[in-house]
Structure formats: structure tokens, C-alpha cells
1. Among residues other than ASP492 whose Cβ falls under 15 Å from its Cβ, what is the net charge (Lys/Arg +1, Asp/Glu -1)?
2. Provide the gained length on full extension for the span ARG342 to LEU171, in nm with one decimal, where the gain is 0.36 nm per separating residue minus the Cα-Cα distance.
3. Leaving out ligands, DNA and RNA, and with a 1.4 Å probe, what % of the accessible surface on the chain is carbon or sulfur?
4. On average, how much accessible surface per residue is there in the chain, in Å², for a 1.4 Å probe, leaving out ligands, DNA and RNA?
5. Run the simple label-point estimate for GLU190 and GLU330 please: 7 Å along Cα→C-beta, distance reported in nm.
6. Taking H placed 1.01 Å from N in the peptide plane, check which residues at least 5 places from GLY114 or on another chain put their amide H under 5 Å from its amide H.
7. Return the FRET efficiency for the residue pair ALA111, ARG20: r is the Cβ-Cβ distance, R0 is 60 Å, and the value is rounded to the nearest 0.05.
8. Note the full-extension length gain between GLN453 and ARG215 as 0.36 nm times their separation in residues minus their Cα-Cα distance, in nm to one decimal.
Amino acid sequence: TLAWSSGAPFASALETQTMRDPRSAWNKLLENRNLTENPDWFAPQLTHLPDPLRMVDAERAARRLVAALDGGEQVHIFGDFDADGVTATAVLVEGLTAAGFTVSWEVPHRARQGHGIAVASVRARAAAGCRVGISCDTGITCFAAAAEARALGMDLIITDHHLPEPSADKLLPDAFAILNPARADCGFAERRLCGCGVAFYLLLALWKLLKAEGRAPAYDLRRLLDRVAVATIADMMDLVGVNRILVYHGLARLRSGPSPGLAALLSCHGWEGGKAVRVETVAYQLAPRVNAAGRMEHGDLAVRLLLCGNPAEAAELACAMDDLNRQRREVERAIHQQAAARLKAGGVLAAYDADWHPGVVGLVAGKLARKAHQPAAIGYLDDDDTINLSLRGVTGFHIQRLLAECGDLLTRFGGHAGAGGCAMPRANWGRFLQCFGDAVSRQMAAGVAGRPQLTIDLALTIGAAHVALADRLARFEPTGRGNPPCRLMLRDCEIRSVKEVRGGARSMWLASEEGMLSAIAFRPGPLVEVLTVGNRLSLIGRLDRNDWNGQSRAQFIVEDAWLGFAG
């Protein structure tokens, strides 16, 4: 179904939402998004970032690090293996090393160790004489590790963004300091920071204290923003508020001066220095390659790339991660085909296999969930005869609540609205299928999961689809979750020509009484049946600038088509 972002009824508001010139279209977009020509929003400044010392425990943690620096104490980083975790690890290691610390680090193996701070790792670092540990993108539910650190005399600083344990008697681990906007007593940055963002804010707090003492490190923390941007986009955080500022400047750094590791990864995609890097480039090119290390081999490969200062070495590491990403795609494709073949249409989307790869089951679950528009649970069987599931949801369902309803059958579970994970003895599988299916049905019956909607910001005619409007629309960047790209309906066009170009895309010329417009459908799929010469229809998508052969013109990026206006 179609819906206006303004909330107006679709059919009745069609005429009032249709603009016929670029200026009116821009003004209407601002009105619909409750925006003005505010330079603070369209050109966010780093000076607008909130004071890092306002985050709960940030000053306490930073002062402990100042003492560690003065006392020559080693600091150990307990990281995580996904894109957010490895970038957070690299950010802390590079920043603290530049400030003069002696730093060691580790990230766990996804299948053998899983998420979290291992108690054995705490013991090993304490035995080696380490008295300060920092977690990143993990730790908020690591009660045993925090207790062990306390008992062994290690001051553990947790930096995380995940939800704390809901149990009344286990609100927070017994750590030296806990920097987490999701704390009930915090809420810093509207709880929108990713794990790497929280780690970066710890460095901001440390730099602020050192600067107040007249000994700020020479290292410019802005150099880390490229990795902060990658983490924020990869972890699908809302690109508003603090995140908009960080990603805006992180993308600029990716264009003008990325770290050697990220420059090498971009080169795998054919990027050349100085070329703009968009959110889509990070989401579909950089993030999957950074994630592939932890999914297919070990996350420490990604950390080494993100810390690498040698372009030649970075190129080798990037090639290795590119190869792992190709392997990931092949394995994911095979498991998806096997899982889809097992699942009945309209049935419970849950399956597991002893041979399925732990690193890609979550991706397969996500693909199945999007196609069926209902939650999916895909997993693998480990050597202990335990089924480990990754769950993914879609708008309208809440994964953590689904798991909570099946909690008596699970040995562990966790997650949030959109995703989660759990484990259970294989003997519980049949009862889990019934319980999970019932829980999904109850949420569906409650009306929380309606039909998927395609939300449109504005309708316009070819007369409004000018390159000047495309340039203004680009000012909404960075776009993503929380700040979606402007989706437009281009009304009443006739397709004058269609040409298949590289990758199966369809390049077109559209016409109306107002003129001609170039358009392209990159992944047309079933749209090829309606994208034919002579067809009159309305198209849904984005307006962009296309620079080619020395000329600049507006181009419509086709995402869908609408053959009528039934409402």
C-alpha cells in the first residue's frame, strides 16, 4: 500500500501533494518533513556535538585513564567481532596509543566464543598484570566477567549501547564505570549511539580532561570519524542528532582522507581518491566486507585492517576480506536455498542444520523475513547438541517479546525489536516451533503487523524534476534509518525508450507535455514487464544528479511503478 510521509490519506491528498515546479517541490518537502532552511541541520558542525562529560560515568572513566597514563599502566580492550565491534576496537586502540598508552586488544571468535567478555580472558589479562580493561560494543550483560575483574583488581570500563539486563536484581554489572546511553539513568544522545560511537565519546572525554590540564595529545580525533561513520551505518543506527553529525563528517573524511585500511577496501569497489562516498557505499560495500572477517574467519583480521598504517599491507588485508565476502555470499546463497526449500508457504519460518555456517544464518533469516513479511529464525547445531538461532524481524513485530514468550524452552536469549538470538537443547525444537508460531500469530492478530507500506514524501511532474531540485535533495544526506531518502512519485509519464545496460539495469527516457527526463531502474526484477515503450504510468523512486560525458542532468532512480491511483 502507498502512504504519504505527512500522514495524509493517500488518494484524497494526491493533488495537494503533487508539485509542478522545483521550488514548490522543495518547499513542500521541507514542510512535510517539519524542516526549514536551517544550516545547522543541512550542514551539521562538530561543535554542535554534546559535551562528552554529560554521559554518565564518562568523566569517571576518563579520570581513571588519566591516572593509568600517568602511572604507565597497560590498558586492554575487550572487543567484539561485528562491524560495530571491530571499528570500536580499532578506534580505542588507535586513539589510546596516540595518547601514549600501552594498549593490547582482542576480539572473540564468533562460533567458538560468541559475544561478550570471556571470564577466561579477564583472568589471563589480570595474570599478565593488566589493571585497566575497556570493553566496546559489549559488556552490559557480562556480569560474571565484571565480577571477576573486580575480584582480581582490574578496573573494567564498559562502553556499550545494548539494552541492560531487565531483571530487577541484575540491572548493571559491577564494573568500575559503565558508559551506555541505554542505561535508565543516562539517555545521552537520545540513546542512538552505536558501540563505536560510545567508544569515540570516551576518547572525547579523555581528550577534554587532558586539554584542561594543558597536555592534550597532538593526535586529532577527527581522523577516527571515518571508522565511526562505518560503524554507525553498519549497525543501522538512526541518522539523526549526534549520529547525523558524526556520519556527515565521517563520510567527508572517507572522501578526502580515509585511513589506509578503509581506502584499500574502497579500492576493491573501484573507488578513487576524492570521489564522494555515500551511505549506500558504506552499507553495501564497506560494511559487508568488514563484517565478513568475523562471519567467515576471525574479526581480528578486520581490526588489523582498520589499524593498518601501511598502504601496501592494507591492500593485502583488504583483498583477503574481499575474498571472505565473496565466500560469505556463496555460503549465504546456498543456505538460503536450502532453508527456503524446507519452509512451507505461510508456515513458521524456523529451521536449523548441523552444516549451516554460524556466520551467515542471521543474514539468511533477514532475507526470508523480508520476503515473507514475518519473523524468521535460522540456526545451526553445535557439538553440544544445542540449536543456536539467529532471528530477524520486520516492521510491526518485536523479536525480543517473541523470544520471551518461548523463554522456558531456551537456555539463553536476547535481542531487541528487530533482531535477536537464542539457544536451546535439540530436544526442545518441536515445542519451540509451536510456541514461536503461536507467538507470531498473536502479534499478527493484535494488529501490530499490517501490510508493508511504501511511504512517499511527495508527488511531482516532469516539470519539477530539475537538476536544481536533485542538488537540493542531496542536502538531506546522509540518509538512512531515521532520515530516509526522499521517495518521490513521478506522475503520468510515457516511456519513450528503454535500453538494457550493464548488470541488467534498464535505462529509459520518459516524456510528458512538460518535457523529457532520463530514468534508470538498477534492479528492475518484475518491473521489466511494465517498463516498456509506450506505457503510461507513474514511477516511484528518487531524483538524483547524473554527471556524464561533461553534462549534468536530473535522473529518476526507479524503485517501483504505479499503474493507477486506487488509494
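1. 0
2. Full extension from ARG342 to LEU171 adds 57.5 nm.
3. Carbon and sulfur atoms account for 49 percent of the accessible area of the chain.
4. Accessible area per residue: 44 Å².
5. Distance between label points: 4.4 nm.
6. Those qualifying (amide H under 5 Å, at least 5 residues apart or on another chain) are HIS109.
7. After rounding to 0.05, the efficiency reads 0.55.
8. Once the chain is fully extended between GLN453 and ARG215, it gains 80.3 nm.
The values are calculated or read from the model by the stated rules, or taken from the named source; none is laboratory data. Note that the coordinates shown come from a computational prediction; the quantities given were computed from them, not determined experimentally. Please note: Cβ atoms are built from the backbone with ideal geometry, for glycine as well, and neighbour counts cover all protein chains shown. Remember, those area values only see protein heavy atoms, side chains included, never the ligands or the DNA or RNA. Shrake-Rupley method; radii C 1.70, N 1.55, O 1.52, S 1.80 Å.
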